[in-house]
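Engineer: What follows is a structure written as structure tokens; I'll ask about it next.
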């Protein structure tokens, strides 16, 4: 039964409420959302910010992620988005960034202290729901080509709407 | 073909700049659209090189790139720094011999 108003009553916030039905109209749907990863290792040339080509989608709720040409997320709902990305290189320092409209907004790095170097980044950014887009990039300084690995979804990019 | 960053390093060396910071001095970008890397930002005092000036550095950059592969191979073979310190503490001569054998097996150009 839909409740449209509460009259002459009060709710004791210290009471326990056991819902057995469905509460609708509350919370957020958190879409658009997507998660994509590499289907095969991607070569990264030295000293060059290189866009991740995450071409395999786990899901893409509103088809807002381009997984074949520009590898970018262009959300069609205005709001604040939680975005995350990860790169993974062997025996190499690694930088990972998330950019908005072609400008790097958030970056992180890890030195080559481990043979297996995975680095993740996350950030919350606003989007206008039409032209704003987000991309993920990686960078290293090894002086030669290094791969960011595809195995076990080690290189990925994702995001979802936090709130409008 | 040598990587753009290595050709830029060689061009800078030839013009009196011994060190290039590719996070600040020169920013290279690859949009993963099949066009390869390009110079997105040039903040050094010396002039940005032309395509011809970069092509002239091809051979030197190839050598540097080959040496970078050797450096990477050596680094992997050297192993973890902590383990090496332990190795040095226990028997420094044995460690030196092992490092030398790795260098000898992976010579630079």
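Engineer: Would it be correct to say that residue A:150 is more than 26 Å from residue B:36 (Cα to Cα) and either surrounded by fewer than 23 Cβ atoms within 10 Å (Cβ to Cβ) or free of Cβ contacts under 8 Å to residues at least 60 places away in the same chain (or both)? Quick ask: steps written out before the conclusion?
Structural biologist: Details: more than 26 Å from residue B:36 (Cα to Cα): no; either surrounded by fewer than 23 Cβ atoms within 10 Å (Cβ to Cβ) or free of Cβ contacts under 8 Å to residues at least 60 places away in the same chain (or both): yes.
For residue A:150, the condition - more than 26 Å from residue B:36 (Cα to Cα) and either surrounded by fewer than 23 Cβ atoms within 10 Å (Cβ to Cβ) or free of Cβ contacts under 8 Å to residues at least 60 places away in the same chain (or both) - is not met.
Engineer: Take residues that are surrounded by fewer than 20 Cβ atoms within 10 Å (Cβ to Cβ) and tell me which of the strands (runs of 3 or more DSSP E) falling wholly in segment A:16-99 contain 3 or more.
Structural biologist: Numbers: elements: A:33-37, A:42-44, A:48-51, A:56-60, A:79-90.
Output list reads A:56-60, A:79-90.
Engineer: Filter segment A:112-144 for residues that are within 14 Å of chain B (Cβ to nearest Cβ), part of a strand (DSSP E or B) and under 18 Å from residue A:54 (Cβ atoms) and give the result.
Structural biologist: Within segment A:112-144, A:135, A:136, A:137, A:138, A:139 qualify.
Engineer: Confirm whether residue B:24 is in a loop (DSSP other than H, G, I, E, B) and under 30 Å from residue A:135 (Cα atoms).
Structural biologist: yes
Engineer: With more than 22 Å from residue A:146 (Cα to Cα) and under 19 Å from the mean Cα position of the chain (by Cα) as the only criterion, which of B:56, B:47, B:77 stands out? Full working, then the answer.
Structural biologist: On the way: B:47 fails: under 19 Å from the mean Cα position of the chain (by Cα); B:77 fails: more than 22 Å from residue A:146 (Cα to Cα).
Result: B:56 is the single residue among B:56, B:47, B:77 that is more than 22 Å from residue A:146 (Cα to Cα) and under 19 Å from the mean Cα position of the chain (by Cα).
Engineer: While we're here: Any idea which of (1) more than 7 Å from chain A (Cβ to nearest Cβ); (2) modelled with pLDDT under 95; (3) at negative phi is the one residue B:3 doesn't satisfy?
Structural biologist: Answer for residue B:3: the failing condition is (1).
Engineer: Residue check: is residue B:28 in contact with a strand residue (DSSP E or B) (Cβ under 6 Å, 6 or more places away or on another chain), surrounded by 15 or more Cβ atoms within 10 Å (Cβ to Cβ) and touching a residue at least 24 places away in the same chain (Cβ under 8 Å)?
Structural biologist: Spelling it out, residue B:28 is indeed in contact with a strand residue (DSSP E or B) (Cβ under 6 Å, 6 or more places away or on another chain), surrounded by 15 or more Cβ atoms within 10 Å (Cβ to Cβ) and touching a residue at least 24 places away in the same chain (Cβ under 8 Å).
Engineer: Still on this structure, please answer the following. Go through segment A:68-88 and report how many residues are within 21 Å of residue A:152 (Cβ to Cβ) and within 11 Å of chain B (Cβ to nearest Cβ).
Structural biologist: 1
Engineer: Test residue B:8 against the criterion of being at pLDDT 95 or above, under 13 Å from residue A:143 (Cβ atoms) and in a helix (DSSP H, G or I), and give yes or no.
Structural biologist: Taking the combined requirement at face value, the residue satisfies it.
The values are calculated or read from the model by the stated rules, or taken from the named source; none is laboratory data. Please read these numbers as outputs of a predicted model, since none were measured by experiment. Note: ideal-geometry Cβ built from the backbone for every residue, glycine included; neighbour counts use all protein chains shown.
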